[in-house]
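The values are calculated or read from the model by the stated rules, or taken from the named source; none is laboratory data. In this text, all values refer to a predicted model and were calculated from it rather than measured experimentally. For neighbour counting, all protein chains shown are included, and Cβ atoms are generated from backbone atoms with ideal geometry for every residue, glycine included.
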Amino acid sequence: MFEMSRTVNCSNIGEEGNARNSAIVDFLQDCSIFHLDSHPVMSPFFREENCVMFLVSRQIDIIRRPSYGEKILVRTWTYELKRMYGYRNTIIYDEKGQPLVKSIASGAFMDNNSQRPRKVPQELVDRVKLYPKLDMEYLPRKISLPDSEPEVYPPLHIMKCYIDMNHHVNNARYIDIADEYLPEGADISRMRIEYKKPLKRTDTAIPRVYTGDAFVTVDIADMEGKPFCIVEYTLK
């Protein structure tokens, strides 16, 4: 288990003074990465074997959006680990210890050279301490696209600032991209994100947007319609 304290500042907020969707993902992502980087079992293995864990999916349930100047605590832990993948919970608390955001993330072990999935030794898995699952609704990792026809937008310009040290779009930046297709003033209670394949700066990506009464689904796809990433928003 790992935790970090933060203050919600001007770089994290939107027009109304509350944390942006992507800032919430940044908080969750930073805590998870710090956990992996400092983990007594996994960190040496990643370093020695040139192995990484690629994010596969997220589910983020927003109870209350943290606001400017608010002090928050972010806590993360692993609740299931297999030789090829793992699951974690990460939760954001306010100063009184009340949950603001609950989340689930799944990741897969990857060889950093070949960029292909790999199995880690079972004895390594057995040494990782697991914690109980958070009490929340657990939806499927895979997101089904609606049967309706999407609105198709012009190709995206993949900016340099989207790209992280893995040389593809950072997982939080997909949210910045997808947020552009939300209705003005949309109030979000849940985000689900499925990361299908890395989007690189040289790729052409087409946003395909499905809109319903209580949801917006943004499919960021290649020229053949195969998704890079799917973001599903549940509207209040």
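Overview of values
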quantity: Pairs where the first residue, in region 179-195, is closer than 8 Å to THR234 by Cα and the second is assigned to a loop (DSSP other than H, G, I, E, B) and modelled with pLDDT under 95, C-beta under 9 Å, 6+ apart; calculated: ILE188/LYS236; SER189/LYS236
quantity: Test for ASP176: is it over 21 Å from GLN59 (Cα atoms), of a type in the set (D, E, K, R) and modelled with pLDDT of 90 or more; calculated: no
quantity: Sole exception among (1) polar (S, T, N, Q); (2) at pLDDT 95 or above; (3) at positive phi for GLN98, by number; calculated: (3)
quantity: Only listed residue being out of contact with any strand residue (DSSP E or B) (no Cβ under 6 Å at 6 or more places or on another chain), under 23 Å from ALA108 (Cβ atoms) and aliphatic (A, V, I, L, M), chosen from ILE163, ILE193, ILE220; calculated: ILE163
quantity: Every pair of residues 6+ apart whose Cβ atoms lie under 6 Å, when the first sits in region 147-164 and is touching a residue at least 12 places away in the same chain (Cβ under 8 Å) and under 20 Å from THR202 (Cβ atoms) while the second is of a type outside the set (Asp, Glu) and surrounded by 10 or more Cβ atoms within 10 Å (Cβ to Cβ); calculated: TYR153/PRO207; PRO155/THR204; PRO155/ILE206; LEU156/ALA205; ILE158/ARG201; TYR162/VAL169; TYR162/ARG173; ILE163/ARG201
quantity: Among the residues listed as PRO198, PRO155, the single one being in a loop (DSSP other than H, G, I, E, B) and within 14 Å of the chain's Cα centre (by Cα); calculated: PRO198
quantity: Selection within region 1-25 - out of contact with any strand residue (DSSP E or B) (no Cβ under 9 Å at 6 or more places or on another chain), part of a helix (DSSP H, G or I) and surrounded by 13 or more Cβ atoms within 10 Å (Cβ to Cβ); calculated: SER22
quantity: Residue in region 81-104 that is in a strand (DSSP E or B), of a type in the set (Val, Ile, Thr), in contact (Cβ under 8 Å) with a residue 40 or more places away in the chain and in contact with an Asp or Glu (Cβ under 8 Å, 6 or more places away or on another chain) present; calculated: yes
quantity: Among the candidates GLY225, GLY212, residue that is outside the structural domain of MET53 (by TED's automatic domain parsing), loosely packed, with under 15 Cβ neighbours inside 10 Å, in contact (Cβ under 8 Å) with a residue 12 or more places away in the chain and farther than 27 Å from GLU16 by Cα; calculated: GLY225
quantity: Residue match in region 124-145 (condition: part of a loop (DSSP other than H, G, I, E, B), at positive phi and not assigned by TED's automatic domain parsing to the domain that holds PRO66); calculated: no
quantity: Any pair with Cβ under 9 angstrom, 6 or more apart, that starts in region 105-128 at a residue that is in contact (Cβ under 8 Å) with a residue 60 or more places away in the chain and ends at one that is part of a loop (DSSP other than H, G, I, E, B) and β-branched (Val, Ile, Thr); calculated: LEU124/VAL41; ARG127/VAL41; VAL128/VAL41
quantity: Subset of region 1-25 that is over 17 Å from the mean Cα position of the chain (by Cα) and among the aliphatic types (A, V, I, L, M) - its residue that is nearest to LEU182 (Cα to Cα); calculated: ILE13
